[in-house]
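Colleague: This is the structure I want to talk about, given as structure tokens.
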Amino acid sequence: MDDNTTNVLAGILLIFFILSVITASVLGARELRQIKYDNFQATIDSLSDEQKCLHICGFQWPSVSYLDNYKFCVEKCDRISERHMVINHD
């Protein structure tokens, strides 16, 4: 083989390798996202409504301080729970 054919073949193999790595990365990231979603759903499935609120709130309102985030979520979930109780009693 001459140098030109070798260079073209090496270029094609390089492009194939790069596309394979990109495809594997994208499919892996998609699978990981699905696994995280399934784990989250399995976690909140057995929780009470108040526990679900705290768990979901913790993901929606990330904070630098865990304690501040927890206090915020507790207050928010308490208000939601109180409104739900008032609505059900009427």
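The values are calculated or read from the model by the stated rules, or taken from the named source; none is laboratory data. A quick note: this is a predicted structure, and the numbers were derived from the prediction, not measured. Note that we place each Cβ from the backbone using ideal geometry, even for glycine, and neighbour counts take in every protein chain shown.
Colleague: Can you find a residue in segment 22-31 that is of a type in the set (Ser, Thr, Tyr) and exposed (fewer than 10 other Cβ atoms within 10 Å of the Cβ)?
Modeller: No, every residue in segment 22-31 fails to be of a type in the set (Ser, Thr, Tyr) and exposed (fewer than 10 other Cβ atoms within 10 Å of the Cβ).
Colleague: Please determine, by comparing only the residues of segment 63-90 that are β-branched (Val, Ile, Thr) and at pLDDT below 65, which one is farthest from Ser48 (Cα to Cα).
Modeller: Val64
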